[in-house]
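Worksheet: the structure to be examined is printed underneath.
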Amino acid sequence: MTRYVSLAVTACLVAVAGLSFHRVFGFGPVVPVAAVAAVVPTLLCGLLSGPRKGKDPWPLWISLVLTVVAWAGTVSVTVLRPALGDGTLPQTLREGVLSSWKAILTTLLPAPPEPEFLVLVNVVVWLAAFASAELALRTSLRAVPCLPVLGVWAVALMLGVDGPGSNAPLAAATVVLVAVLVLVRADGPGSGLAWRPFAIGVPAAAVLGGLAFAAAPVVPVSAQPYNPREQVQAPPPQQRDGVSPLDRVGGWLLSPDQVMFTVRSRRSEIARLAVLTRFDGVTWSSTARFVPTGSRVPEGPEPDNKHEVVQRITIRDLPGVWLPAPDRPRQVDGLPVVADPESGALAAAKELRPGQAYRVESVVPEWTAEDLTDAAAATDAEARAARELPWGPGAKEPPVQIAEFRRFAEAATEGAVSPIQKAAALAQYLKRYARYDVTAAPGHSYRQLDYFLGEGRRGTPEHFATAYALLARTLGLPSRVVVGFDGGNRVGDTVQVRSGDVMVWPEIKFDRLGWVRFNPLPDNARRSSKDDSVAAGETEQKLEEAQKNAASQERGEGPGDTTEKGPQQPAADESPLPPWWVFASIGVAVLLIGYFAAVLLAPAMRRRRRRAGAPAARIAGAWHQTLDHLSDVGLATARTLTAHEVARFGASNVGEDAHGHLRPLADLVNRSRFAASHPDPHAADRAWLHTDALGRLVTAKAGRFRRFRRRLHPRSLKDRSAGRSTGRSTGGERP
């Protein structure tokens, strides 16, 4: 009975440990995988390695071979069932076992529940369940079957260190189940299940687990957890689309009525499509390191003011793989996507098709004049790369246009001092400098932008945005170009975003704020408002107004003053206090720990005190210790009993072996109390030898749990030897 109950507990332990992979995949995909991988090998081990009437269990190697066969069959019809139908089972199985861990470490969490990923969960949980079951059946050590569970936890914690959610409830449940397993196996495999310790110990373990769970959120953490993703090389940037969205802008503007996608949302927002950071002298390209994700997109810098927006987007005639979404997306559902952790840009795993739909949740920042006024240009590695002005493919000397662009930018920002003043002044200058013309020839190389700024002075959003980005770089401002859509035509509750709504805008990176959008387009570049046309977004209007206000504020700093004046950090004592129940739980836990320490330490200290002193005092101490032992088998008081009466009580309640120790001990006590001569140290040593032997006999008779339970009673704190120093209370014979 004990063995099979142990198997049930180990299966629960492994299943709970397997659920800790929820930070990698979420609970939905993990629950069935962990349940099957924990239960099937446990049942198999129970059949092969369990006790059989008159026969020994099967050898371990047979159990090992059969569990491998059972695993292959089970994983094929459960986790890898999709691969079983399309004939890719061997390849998927090999990739899942050998390389799924690395694929998960290069995937944004939660990872997509692909079969090749979930194979890792199945393998780890299966091996742990098999090892725990075999240890429970083939060994008598109480806690050893818990060790394989620690391996599952180690793998899950390493892979899910960056994932959402918390493992605190599962950790508390693991502690409780470990305590249950130890209680079940407390008396060994051959003595049967001890129900009374089990019934008392499980509630106690549950209370301690609940206290640990309540205190977990307020436990201080001195350092960030080790993240193995920092040691795994991310995939290199790659061209996701054969044609850059920037190169499509001119064609889309010439055919403005083609519906790209539709949006269902409560408010209108600018939709980003592609973020282009690298310029090689001829064209802009993306440096995004796209990694797979189940749905989540990492957070970026945010101001204090922001709002959330949820959109349902349906693809119509939008080509390529880039996915439109407001900046900055947080959650994408309904379509397999890859995401760039740095920019938050989204792309589909495959070429987009009409009718595909997805739901995107975004947090849109709202910059204020106060945010922008004190903002300094960013200086991190990404910002340094966003200041580069390459010479061009194959060039051996810098093009003359760079110097011309620098003179142009300095003239456009004359009188501007701070980065925000320069960025805003440059945008306002370009608004007035050139005309908006959708028929302008596309292109954004050095030569073409030199023509746009020097002679043509007319262009599309492509020309205005790319010219602004290059001019900003000559001023030392980190810049990039973004392609997206603004506006659209409303049809019922749906906004149809058309090709003519395409927009290109530049962004400048600031410390603490991240990338901030600027609009260098002339005001007449916006589409005329019709009855069914969506006006410019409220967020964009607020941003342009904040930029103008920040640039127009009087500043008393010189050109070399780049001191950053960020918002003051709140004082440490202003941080919110934890709720009252946290302090109450901690107080109760401290009281319980203090009480347990007291009741466990008091007998040890009392025993040590009794063994010290003169031989007579040591003999008396040994006798008092004996009376404490006998109280565990029913001795209520010794005040009315002689020493030999106590010995006869012990013999009748403990056994005849106890009489062989109690009678000589009673003689030593009587001689020490009433003899004319004083006892020698050897007599005291013999007294304690008899007392220690009696203690072991009482433990064997009453059981360790019963003695432990009596020690937890408050009366164990009282020294019952007080008042036994004279007369019959010492256990001496009548004079």
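No value in this document is a laboratory result; all are computed from the given coordinates. None of the values given here were measured: they were computed from a predicted structure. Positions of Cβ are generated from backbone atoms using ideal geometry, with glycine treated the same way; all protein chains shown enter the neighbour counts.
Once a ≥ b ≥ c are taken as the square roots of the eigenvalues of the Cα gyration tensor of the range 65-141, is the result rounded (a/c under 1.5), prolate (a/b larger than b/c) or oblate (a/b not larger than b/c)?
Cα axes put the range 65-141 in the oblate bin.
Compute the separation of the alpha-carbon centres of the range 426-501 and the range 324-352 and state it in Å as a whole number.
Measuring centre to centre over Cα atoms gives 24 Å.
Give me 699, 67 sorted ascending by neighbouring Cβ count inside 10 Å, so fewest comes first.
Details: 699 14, 67 22.
Listing 699, 67 from fewest to most nearby Cβ atoms yields 699, 67.
Based on the alpha-carbon gyration tensor of the range 378-450 and its eigenvalue square roots a ≥ b ≥ c, which shape applies: rounded if a/c is under 1.5, prolate if not and a/b is larger than b/c, or oblate?
oblate
Which links in 422/542; 102/509; 102/306; 350/509; 102/350; 396/509 stretch past 25 Å when you go from one Cα to the other?
Long pairs (Cα-Cα over 25 Å): 102/509; 102/306; 350/509; 396/509.
Express in nm, to one decimal, how much length is gained between residue 266 and residue 232 on full extension, taking 0.36 nm for each residue of separation and deducting their alpha carbon distance.
Working it through step by step, the gained length comes to 8.2 nm.
Quick one: Cα centre-to-centre distance for the range 126-146 and the range 407-424, in angstrom?
Between the Cα centre of the range 126-146 and that of the range 407-424, the gap is 72 Å.
Rounded, prolate or oblate for the range 245-366? Axes are the square roots of the Cα gyration tensor eigenvalues, ordered a ≥ b ≥ c, and the cut-off for rounded is a/c under 1.5.
rounded
If you rank 552, 132, 295 by fewest surrounding Cβ atoms within 10 Å, what's the result?
Exposure proxy ranking, most exposed first: 552, 295, 132.
May I ask you to sort 384, 498, 457, 272 by Cβ crowding, counting other Cβ atoms within 10 Å and putting the fewest first?
Going from least to most buried by this count: 384, 457, 498, 272.
Just report the Cα centroid separation between the range 539-553 and the range 642-675, whole Å.
The distance from the Cα centre of the range 539-553 to that of the range 642-675 comes to 97 Å.
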